[in-house]
Amino acid sequence: IMDLFIDRVLVKNNKDQNELDTEREITMRLQNRILMLFFASGTCETCRQFAPTLSDFYKQLTDEFYVDRAAQLVLLYISLDQSEEEQESFLKELPKRCLFLAYEDPYRRELEAMFNVEEMPTVVVLRPDCSILIPNAVDEILRLGPDCYRNWQEAAELIDRNFMNKEDFEEKSMRSFSDPVRRLKYKVEDEKKKKKKKKRKGWGGGGDEGVEADGGD
């Protein structure tokens, strides 16, 4: 996820609207987290109706008032508003812990095209490796509420840092890119071995092909 925003400025939705503008700040905020990209506009009635639900959803998962440990989840508002005033007004409907891109940042429209956003509101859910987990999670959030985070966490194979030391976390991060390929490779090889054994039993051991290599050693 950091690759998407490493050269960008992310703004906190707090009173001072503090900026995250260094690689270190952005990495610390986004690393090993599921990212929700919320595409919406303050002039969209459906967006305004959905905003309180999304805010409650996010607060119940990340606010220490509701949970002992905040979920590894980030909400980033991608404004499709027609003016900065509209954006500022709509941000008041969203959690103070969420982030947003400045109105003058053209990257907002690039992200809209990148994720093929065709309706509002849209919540694109991304795994930590930037792959899309859910193209639009609006219906799921409305239907399941905070319970759907557990599904996302499992599907994203999210590393729970709370139970891992730094060395284990870094080792797991390095393996995470190759593990799915390795598991698939082993699965295919196991299937091939099983098929060969079945064939050999069917041949009844006749000929050189029916003898397993080094079978007697």
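The values are calculated or read from the model by the stated rules, or taken from the named source; none is laboratory data. Bear in mind the structure is a predicted one, so any value in this text is a computation, not a measurement. No Cβ is skipped: glycine too gets one built from the backbone with ideal geometry, and neighbour counts run over all protein chains shown. With ligands, DNA and RNA removed, areas are computed over all heavy atoms of the protein, side chains included. Shrake-Rupley method; radii C 1.70, N 1.55, O 1.52, S 1.80 Å.
Okay, here's what the table says:
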quantity: Asp56 - accessible surface, heavy atoms, 1.4 Å probe, Å² rounded to 10; calculated: 80 Å²
quantity: FRET efficiency estimate (nearest 0.05) - Cβ-Cβ, Arg8 to Ala113, R0 25 angstrom; calculated: 0.95
quantity: Residues whose placed amide H lies under 5 Å from that of Ala71, excluding near-sequence neighbours; calculated: Thr62
quantity: Region 65-131: trypsin sites (Lys or Arg not before Pro) in DSSP coil with no more than 15 other Cβ atoms inside 10 Å; calculated: Arg69, Lys92, Lys96
quantity: Rounded to the nearest 10 Å², the accessible area of Glu88 at probe 1.4 Å; calculated: 60 Å²
quantity: Low-density loop positions, chymotrypsin sites (Phe, Trp or Tyr not before Pro), region 1-86 - DSSP coil, at most 15 other Cβ in 10 Å; calculated: Phe65, Tyr66
quantity: Portion, in percent, of the accessible area of region 10-162 that falls on carbon or sulfur, probe 1.4 Å; calculated: 43 percent
quantity: 1.4 Å probe accessible area per residue over region 10-162, in Å²; calculated: 51 Å²
quantity: Area accessible to solvent at Leu94, 1.4 Å probe radius, in Å²; calculated: 10 Å²
quantity: Amide hydrogen neighbours beyond the local backbone of Leu10, cut-off 5 Å, H modeled; calculated: Leu20
quantity: From phi via Karplus (6.51, -1.76, 1.60), per-residue ³J(HN,Hα) for region 130-136 in Hz, x at Gly/Pro; calculated: 6, 6, 7, 8, 9, x, 8
quantity: Extension gain (nm, one decimal) between Asp147 and Gln60, 0.36 nm per residue minus Cα-Cα; calculated: 30.3 nm
quantity: Cα Rg, Dmax (largest Cα-Cα span) when computed across region 10-162, Å; calculated: 14.5, 41
quantity: Distance between region 38-112 and region 1-33 - C-alpha centres, whole angstrom; calculated: 15 Å
